[in-house]
Amino acid sequence: MSALEKRAVEANFEELLADGTRAVPVAAIEVLLGIIEASSAATMHGLDEELRGARDRLLAFCATRPGCLRGRTIVSVDSGSELFLRHATRTFLEFGDFDRCRRELVERGRAFASTARAS
């Protein structure tokens, strides 16, 4: 992940938290969904690396700026991210075509994010 991409992940996370209406794990999930939507990866392995890199960047960012957690622990970011990654990417083997797989990942990711926002 380039320095520019790291800053974009951090800025997106901060922006999502700025209005105070989103839970910290939900903001992390929405950042990861944005990674899937914007990814130019040509394989599931490449996309998985991008997602895990973004999750790691979020964790590192929160470790250096605990104020962004609003009293929560970094575990909330880690667990929210991991749940999203497991849910959104669990069925990628069902599709032979990666473009179709990516569309399904975005759909699953949006549904997961919507459920997380509502809870």
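Tabulated results
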item	result
Hits in region 15-59 - residues which are of a type outside the set (Gly, Ala, Ser) and over 13 Å from the mean Cα position of the chain (by Cα)	GLU15, LEU17, ASP19, THR21, ARG22, THR43, MET44, HIS45
Residues of region 1-32 satisfying the condition of being of a type in the set (A, V, I, L, M) and farther than 19 Å from PHE84 by Cα	MET1, ALA3, LEU4, ALA8, ALA11, ALA18
Filter pass, ALA113 being free of Cβ contacts under 8 Å to residues at least 40 places away in the same chain, part of a helix (DSSP H, G or I), among the small types (Gly, Ala, Ser) and open to solvent by less than 20 Å² (accessible area, probe 1.4 Å)	no
Residues of region 62-119 satisfying the condition of being of a type in the set (Lys, Arg), within 14 Å of the chain's Cα centre (by Cα) and over 13 Å from VAL24 (Cα atoms)	ARG86, ARG108, ARG110
Region 73-90 - residue that is among the hydrophobic types (A, V, I, L, M, F, W, C) and touching a Phe, Trp or Tyr at 6+ places or on another chain (Cβ under 7 Å) and, of those, farthest from CYS101 (Cα to Cα)	PHE84
Condition check for GLU82: assigned to a helix (DSSP H, G or I), at pLDDT 90 or above and of a type in the set (D, E, K, R)	yes
Qualifying positions in region 85-110 - open to solvent by 50 Å² or more (accessible area, probe 1.4 Å) and assigned to a loop (DSSP other than H, G, I, E, B)	ARG90, GLY96, ASP97
Helices (runs of 4 or more DSSP H) fully within region 1-72 counting 1 or more residues that are open to solvent by 30 Å² or more (accessible area, probe 1.4 Å) and farther than 22 Å from PHE98 by Cα	3-18, 44-64
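The values are calculated or read from the model by the stated rules, or taken from the named source; none is laboratory data. Remember, predicted model here, so these are calculated numbers, not experimental data. Glycine also receives a Cβ, built like all others from the backbone with ideal geometry; neighbour counts cover every protein chain displayed. Note: areas computed on protein heavy atoms with side chains; ligands, DNA, RNA excluded. Shrake-Rupley method; radii C 1.70, N 1.55, O 1.52, S 1.80 Å.
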